[in-house]
Amino acid sequence: MLIPQSTTLTTRHLNRIFDKTVATYKYYWFLGILDLCVKQGKTRMNVWDIMVTMVANAWYPVNYFRLSFGKSESLYDAILALQKDYNIPINISVRDLTKLLQNLVETPDVRKRLNFLQLNVPFRFLRPWIDTSDDRQMVVRSQSYENGCLYKLEKENGTLWVELNPAWLAYLKENYEILGAFAYWGLTNFLQIRNPNVPNIPSKLVKREERNALTAQHKFWNTAISHGMKVKCLYTGNLLEEHAYDLDHFIPWSFVSHDLLWNLMPADPSINSSKSNRLPDLELYLPKLAEAHQAALRVNLALGKQEKILEDYLSLGHTPLEIAGMDRGHLLDCFFQTFKPMHQIALNMGFEIWKY
């Protein structure tokens, strides 16, 4: 992916900022600079402000989606430690997380934990413009914005500051969305290599604050209930009434990143907060899920329902009609063949097992 060209700037160096990247730092460093510049209007930035945005942007891939950043990734380890030490909710809003981090970064313990981020990346990021591995030389040569580099570095009272090159300001603002996509595109490729069996990496780089309403999925289950099917919560065993249940992602949405019907099951409204993004015990709960789906399918098909949502079952390797007609042995084989590999990969990523 190439970045937009400019009539006044040479962009070839900017296009090379992620060359030879061995960790996620550069991606999150650039995204942090973009956010502070465009969203907050800052042109001179304390390195700790940038580091707060780096941790906030990397929070969800690490804690919510459980992506691997590769071996010996200090940012990954630091984020896991922050969540554990300060008991921060994994699904905290970006706004609340940023405010919390701004306070925490003032404490000596957190500064010590995150200090590694200012030791290399601010200097290495400028290498496409200034070819030196000497950090002192990098600071000195950046003062004149050598080769039109993106920013200069200054140290004041032991704190590192980044001051953006005025020549770049208009370009960054005009191309903010594309430059962000450029960074996320590189980050996606980087993480896909380290998470080869994980679905839908791009959707796991940022946590959506709002999810789909699941209207069609609710309609499917409401139809079954209204026509006499007794639907029970998989976990509590309580009988559920039409319109009086939540739809639970059996394998957490934070792993599958989809709302396909076969992974959704009516549950007591209290279950989602209890289960959160943990994995249900397959042997205990999956047979019940498979049998409930088959029964609901039979009701919908008998009523002549041909809604597009039923096509979701095709990804199980069978048509809805075939699933509705299976004996119990074949039905469980069908569901276990789909769910077991996902369940194991999620376990390997650090998702925890949950039982009611």
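Could you list, in sequence order, the residues of the range 120-171 that are within 22 Å of MET51 (Cβ to Cβ), in contact (Cβ under 8 Å) with a residue 24 or more places away in the chain and of a type in the set (S, T, N, Q)?
The answer is ASN120, THR159.
Could you please give the count of residues in the range 60-79 that are open to solvent by less than 60 Å² (accessible area, probe 1.4 Å) and either touching a Pro at 6+ places or on another chain (Cβ under 7 Å) or not small (Gly, Ala, Ser) (or both)?
Step one: of the range 60-79, the residues open to solvent by less than 60 Å² (accessible area, probe 1.4 Å) are 60-70, 73-76, 78-79.
Those left that are additionally either touching a Pro at 6+ places or on another chain (Cβ under 7 Å) or not small (Gly, Ala, Ser) (or both): 60-67, 69, 73, 75-76, 79.
Count: 13.
Output the qualifying pairs, or none if there are none: Cβ atoms under 8 angstrom, residues six or more apart or on different chains, first residue in the range 220-240 and surrounded by 20 or more Cβ atoms within 10 Å (Cβ to Cβ), second residue polar (S, T, N, Q).
Here the result reads PHE220/ASN300; ALA224/ASN300, each pair linking the range 220-240 to a residue that is polar (S, T, N, Q).
For residues in the range 200-228 being among the aliphatic types (A, V, I, L, M) and in a loop (DSSP other than H, G, I, E, B), which is farthest from ASN91 (Cα to Cα)?
At the first step, the residues of the range 200-228 found to be among the aliphatic types (A, V, I, L, M) are 201, 205-206, 213-214, 216, 224-225.
Next cut, in a loop (DSSP other than H, G, I, E, B) only: 205-206, 213-214.
Details: LEU205: 14, VAL206: 11, ALA213: 19, LEU214: 20 Å.
Looking at residues that are among the aliphatic types (A, V, I, L, M) and in a loop (DSSP other than H, G, I, E, B), I get LEU214.
Please work out which residue is nearest to MET1 (Cα to Cα), limiting yourself to the range 170-197 and to residues that are surrounded by fewer than 15 Cβ atoms within 10 Å (Cβ to Cβ) and charged (D, E, K, R).
GLU177
Of all the residues that make up the range 134-152, how many are of a type in the set (A, V, I, L, M, F, W, C) and not in a helix (DSSP H, G or I)? Can you show your working first?
First pass over the range 134-152, keeping only residues of a type in the set (A, V, I, L, M, F, W, C): 138-140, 149-150.
So of that shortlist, the ones also not in a helix (DSSP H, G or I) come out as 149-150.
Residues meeting the conditions: 2.
Which residue, of LYS340, LYS355, is in contact (Cβ under 8 Å) with a residue 60 or more places away in the chain and open to solvent by 80 Å² or more (accessible area, probe 1.4 Å)? First the steps, then the outcome.
Numbers: LYS340 fails: in contact (Cβ under 8 Å) with a residue 60 or more places away in the chain.
Testing whether each residue is in contact (Cβ under 8 Å) with a residue 60 or more places away in the chain and open to solvent by 80 Å² or more (accessible area, probe 1.4 Å) leaves just LYS355.
If I filter the range 96-116 down to residues being touching a residue at least 12 places away in the same chain (Cβ under 8 Å) and over 17 Å from GLN83 (Cβ atoms), which single residue comes out as least open to solvent (accessible area, probe 1.4 Å)?
Looking at residues that are touching a residue at least 12 places away in the same chain (Cβ under 8 Å) and over 17 Å from GLN83 (Cβ atoms), I get PHE116.
Please enumerate the residues belonging to the range 153-199 that are among the basic types (Lys, Arg) and assigned to a strand (DSSP E or B). Steps first, please.
Pass one, the range 153-199, residues among the basic types (Lys, Arg): 155, 173, 194.
Scanning the range 153-199 gives a single hit, LYS155.
Name the one entry in PRO269, PRO320, PRO287 that is touching a residue at least 12 places away in the same chain (Cβ under 8 Å) and surrounded by 19 or more Cβ atoms within 10 Å (Cβ to Cβ).
Numbers: PRO269 fails: surrounded by 19 or more Cβ atoms within 10 Å (Cβ to Cβ); PRO287 fails: surrounded by 19 or more Cβ atoms within 10 Å (Cβ to Cβ).
One residue alone meets the criteria, PRO320.
Can you pull out the residues in the range 180-210 that are of a type outside the set (Asp, Glu) and over 24 Å from SER68 (Cα atoms)?
none
Filter the range 85-121 down to residues that are at pLDDT below 90, part of a helix (DSSP H, G or I) and more than 23 Å from the chain's Cα centre (by Cα), then give me how many there are.
Residues flagged as at pLDDT below 90, part of a helix (DSSP H, G or I) and more than 23 Å from the chain's Cα centre (by Cα) within the range 85-121 amount to 1.
Looking at the range 6-22, which of the residues that are part of a loop (DSSP other than H, G, I, E, B) and polar (S, T, N, Q) is most open to solvent (accessible area, probe 1.4 Å)?
Residue satisfying both the conditions and the ranking: THR7.
Restricting to the range 122-133, count the residues that are part of a loop (DSSP other than H, G, I, E, B) and open to solvent by 60 Å² or more (accessible area, probe 1.4 Å). Steps first, answer last, please.
Start the filter on the range 122-133 by keeping residues that are part of a loop (DSSP other than H, G, I, E, B), which leaves 125-133.
Checking the rest, the ones that are also open to solvent by 60 Å² or more (accessible area, probe 1.4 Å) come to 127, 131, 133.
Of the residues in the range 122-133, 3 are part of a loop (DSSP other than H, G, I, E, B) and open to solvent by 60 Å² or more (accessible area, probe 1.4 Å).
Test each condition in (1) open to solvent by less than 10 Å² (accessible area, probe 1.4 Å); (2) at pLDDT below 95; (3) under 20 Å from TYR356 (Cβ atoms); (4) of a type outside the set (Phe, Trp, Tyr) for ALA244 and report the one that comes out false.
For ALA244, the exception is condition (1).
The values are calculated or read from the model by the stated rules, or taken from the named source; none is laboratory data. Keep in mind the model is a prediction, meaning the values are calculated, not measured. Note: ideal-geometry Cβ built from the backbone for every residue, glycine included; neighbour counts use all protein chains shown. When the accessible area is computed, the model is the full protein with side chains, heavy atoms only, and any ligands, DNA or RNA have been set aside. Shrake-Rupley method; radii C 1.70, N 1.55, O 1.52, S 1.80 Å.
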